[in-house]
Amino acid sequence: MISAEQDPMPASGRSSDERECALLVRIAGRDSAAMKELYLLYHRRLARFLMRLTTRYDLAEEIINDTFWVVWQHAGDFRGASRVSTWILGIAYRRGLKTLRYAGPPPADIEVEAEAASDEPARQEELNEWLDVALRRLPLEQRTVIELAYHVGHSCEEIASIMQCPVNTVKTRMFHARRKLKTLLTTLAGPD
Amino acid sequence: MKLLSKRSTLHARAELVIPWLVNGSLPAEAQPALREHIAACRECREDYEEQVRVRTAMRAEGPLVFAAESSYQKLFARIQNPQAGREPPAAEPDPSLALHSVRRTSPIVHWLAAAAIVQAFAIGVGAWMWHSSSAASGAPYMTLTSTSPSYVSGARVRVLFRTDLSVGALQTLLHGVGAHIIDGPADGNVYTLGFAPAPGSSGALAKRIATLRADPAILFAEPVQNGVR
Ligand SMILES: [Zn+2]
């Protein structure tokens, strides 16, 4: 459960990580107030991550609660080999994959009607509009890497730890994710 | 020749690590050579700029409405009673709950707060919602009931419906608990229900809320505190 992989910690994340470590210590001592605090601290982040991972709104809550069930049971096993966030996201990732396996294949991709925009939108605005659709069409592993890197802000090494794969695999997945995303966004948003 | 191969090595490296330069997690010592290459290489510069835009878009999430508190209560119940039977994982994927695109409309849209729902991607269990970047402010809305309910005050409950709920199913559902929609959508497609006749006791209200929560078409149902909409 605990990753022993190298997990460099940016100074900015250190104080929040110390606070989260302290919560884990209390949780290991069966402190439900600490459990609630950590849960509420992570709920939004995990909801967002899991919906990106699974593209299934109906599964996210169940996976979050399964993840924190593991946290409740195994807080005492946490050795601080990684950031708390890396540990929790790793659990969520594996629970997410497991739940997806039980839940069967994702629903068929929803066809997107390419409506002609009345005004030429700004590039960033257009990107915001199509990004979710495009991300949904990436393979799960690529979508996960890009979400962890860009939304959560994890390093290559941390993502490797969460996804339990070599660092180079993370780099390669990100490389392909970017290429595919570029093609998808061009197709979806139409020519400039 | 040597210079060229050094450049192509840097280019190959930059192609792989630009995202981590963009998200700020690349070690400081690795950055100067990379930045120097990006400044000089048009392809990498364009890639870098594109990745900055993608990251900005991914971080600029719309209001993500969720009910962390009620989700925690479910977990807390499990912590307190670990032996209680858990619901098995969903056997079949439910396409209606998949991430909908902003352009996708659902059956309920035509009469359930059309503007607000169209701008939202979807509604989900635990009441998470992902909005597009477009502003929802000023979105017109209408309530479900054309006949006005007979009560004016009393117990109120905030609910979130599934987007694929049909008109008939919704009417049946509301009728079953004696509820009417009296306001909404607010805070991301959350509707306020009132009851007619009003429940006579807090126990009776709790029972109706339990009925609402048990309905798969209701994604969450929470009592509204007195005086608060
Ligand atoms: Zn280059």
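The values are calculated or read from the model by the stated rules, or taken from the named source; none is laboratory data. Keep in mind that what you see is a predicted model, and the values were worked out from it rather than measured. When we count neighbours, we look across all protein chains shown, and the Cβ atoms used for this are built from the backbone with ideal geometry, even at glycine. The area values use the complete protein model at the heavy-atom level, side chains included, leaving out ligands, DNA and RNA. Shrake-Rupley method; radii C 1.70, N 1.55, O 1.52, S 1.80 Å.
Quick look at the numbers
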| quantity | calculated |
| --- | --- |
| Test: A:Pro106 is modelled with pLDDT under 75 and under 15 Å from A:Thr55 (Cβ atoms) | yes |
| Subset of segment B:51-61 [free of Cβ contacts under 8 Å to residues at least 12 places away in the same chain and open to solvent by 20 Å² or more (accessible area, probe 1.4 Å)] | B:Arg53, B:Thr56, B:Arg59 |
| Selected residue [at pLDDT 95 or above, away from chain B (no Cβ under 11 Å) and over 25 Å from B:Val22 (Cα atoms)] from A:Ile162, A:Ile91 | A:Ile91 |
| Neighbours by Cβ (under 6 Å, 6+ apart or cross-chain): first from segment B:13-41, farther than 18 Å from B:Arg53 by Cβ; second among the basic types (Lys, Arg) and away from the ligand (no atom under 15 Å from the Cβ) | B:Leu16/A:Lys171 |
| Pick from segment B:1-32, criterion within 12 Å of the ligand (Cβ to nearest atom) and small (Gly, Ala, Ser), ranking: farthest from A:Ala160 (Cα to Cα) | B:Ser8 |
| Complete set of residues in segment B:2-50 that are of a type in the set (D, E, K, R) and open to solvent by 60 Å² or more (accessible area, probe 1.4 Å) | B:Lys2, B:Lys6, B:Arg7, B:Arg13, B:Glu29, B:Arg35, B:Glu36, B:Arg42, B:Glu43, B:Arg45, B:Glu46, B:Glu49 |
| Per-region count, segment A:68-82, residues within 12 Å of chain B (Cβ to nearest Cβ) and open to solvent by 30 Å² or more (accessible area, probe 1.4 Å) | 2 |
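Conditions (1) touching a strand residue (DSSP E or B) at 6+ places or on another chain (Cβ under 8 Å); (2) closer than 27 Å to A:Gln142 by Cβ; (3) buried (at least 22 other Cβ atoms within 10 Å of the Cβ), marked per residue:
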site	(1), (2), (3)
A:Ala22	no, no, no
A:Ala28	no, no, no
A:Leu50	no, yes, yes
A:Tyr57	yes, yes, yes
